[in-house]
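Everything on this sheet refers to the single structure shown next.
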Amino acid sequence: MKEFTYIDLFCGIGGFHQAMEDLGGKCVYASDIDADCRKTYERNYGIKPAGDITKVKEEDIPSHNVLCGGFPCQAFSKAGKRLGFADETKGTLFFDILRIMKYHKPEYALLENVRNLASHDHGNTWKVIHDSLVEAGYNVIDEPVIFSPHYIGVPQHRERVFIMCVRKDIGELPPFYFNIDRIPECRIDDILLDDKDIPDLKRYQLKPEQIEWINNWNEFLQGIKVDKLPGFPVWADSLCALEDNPMIGEWGEMPGWMKTFIKKNSELWENNKEFIDTWLVKAKKNRLFFGSKAKLEWQAGETKHPDMWQHIMQIRPSGIRVKPGTYFPALVAITQTSIVGKRKRFLTPRECARLQSFPDSFQYDEKNAQAYKQFGNSINVALVKLFAQYMFGDKEVQHKYSYEVQFGKGEEEPNLFSGMFDD
């Protein structure tokens, strides 16, 4: 497909657009319900997207070769209520895609959603989607394809379901294989800006009390005597004798998992009483040390005497979560973003753009809160390009993800970062 037209449904800030344009496509229609996303899209691509697709008649949409759609995920996401098709708003938007496909019969369609779509409702949701697309006249791979940017070296763990659809009269769609043991090494330095190149660097840097607060937790990890670092959440309020725990009054009503964590925290304290009691006195002097910030989730392996500043951190409702400094956890649609330990600062919007494989020429929203939200909701451009090429029948890409290559002798991975952020 050297030249083709496409429509961009639920377009967001243009992850599909960026990829399809790079492959030679021409956008003839875009739509998104979010007004701020529509402004960002128009600023970058010169196309003013329509609004709510549920209010658009299919006959009013231009004909096209390819339909693109990352339909909203809240109905299937673990972060939402997971109502699926029972969600009367977002859950039914797949069927808006379907009605447009049935009317226009494009040669191809590329859809994307959260990983949980694959298992939602014990697989029934996937079956409904798959069978509906097949009945509409498309070849679709039987099993959902789950893929993440870090599978191709982009340092972000963001597993999503990709649905490739090829109209049956166009051709077959070969099975897609990926060997999880062949994930390339990721380097966060591939997307990080030099601090000297960030004009408003101070706004992203940690404040002194935040550094002190993290240092307190760092001292805790380096000072406790354990065979391996806690795999359970560490709750400062539960680092005491079990009978002294302030939550003990609710013991009978607690779920089993919470009781287990409280017991493990108490055991950790029992084995480190002197150190922990002294440490708690110091930690509580920091005004940030309360609520979720008095909790820790260590998820960075069993390193002895670890240094949190060598890792990636997130401030979450469940506590400060520490991940290995190899790739970032998935961007999410909230202002709070990852802390780059070795830089003692938060990710910038430009770095979030790079994690979603947008070029540095991309103009994001001037309000940081909106920029973070939009990148968290976006699709990764490099993965759109990969699955579009596979769907279009690119022999090299199809061969690369064949059973023979993935589970046979294998091939060298190309340099996927070459030119990725060029203007």
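The values are calculated or read from the model by the stated rules, or taken from the named source; none is laboratory data. None of these values were measured; they are calculated from a predicted model. Note that we place each Cβ from the backbone using ideal geometry, even for glycine, and neighbour counts take in every protein chain shown. All accessible areas refer to the heavy atoms of the entire protein, side chains included, with ligands and DNA or RNA removed. Shrake-Rupley method; radii C 1.70, N 1.55, O 1.52, S 1.80 Å.
At-a-glance table
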quantity	calculated
Check on residue 273, crowded, with 19+ Cβ neighbours inside 10 Å and either at pLDDT below 90 or among the charged types (D, E, K, R) (or both)	no
Residue within the range 181-199 that is part of a strand (DSSP E or B), closer than 21 Å to residue 299 by Cβ and touching a His at 6+ places or on another chain (Cβ under 6 Å) present	no
Odd one out for residue 218, checked against (1) surrounded by 15 or more Cβ atoms within 10 Å (Cβ to Cβ); (2) more than 28 Å from the chain's Cα centre (by Cα); (3) closer than 30 Å to residue 368 by Cα	(2)
Of all residues making up the range 16-44, the number that are touching a strand residue (DSSP E or B) at 6+ places or on another chain (Cβ under 9 Å) and not acidic (Asp, Glu)	15
Residue 158 being buried (at least 22 other Cβ atoms within 10 Å of the Cβ), under 30 Å from residue 324 (Cα atoms) and either at pLDDT 90 or above or touching a Phe, Trp or Tyr at 6+ places or on another chain (Cβ under 7 Å) (or both)	yes
Checking residue 209 against (1) part of a loop (DSSP other than H, G, I, E, B); (2) open to solvent by less than 70 Å² (accessible area, probe 1.4 Å); (3) among the acidic types (Asp, Glu), the condition it does not meet	(1)
Scan of the range 12-23 for residues that are part of a loop (DSSP other than H, G, I, E, B) and open to solvent by 10 Å² or more (accessible area, probe 1.4 Å), ordered by number	12, 23
Neighbours by Cβ (under 8 Å, 6+ apart or cross-chain): first from the range 128-149, closer than 28 Å to residue 180 by Cα; second in a helix (DSSP H, G or I) and of a type in the set (Phe, Trp, Tyr)	128/85; 129/94; 144/126; 145/387; 147/387
Tabulated pairs, the range 236-252, first under 25 Å from residue 288 (Cα atoms) and of a type in the set (D, E, K, R), second outside any loop (DSSP other than H, G, I, E, B) and open to solvent by less than 70 Å² (accessible area, probe 1.4 Å), C-beta under 7 angstrom, 6+ apart or interchain	237/294
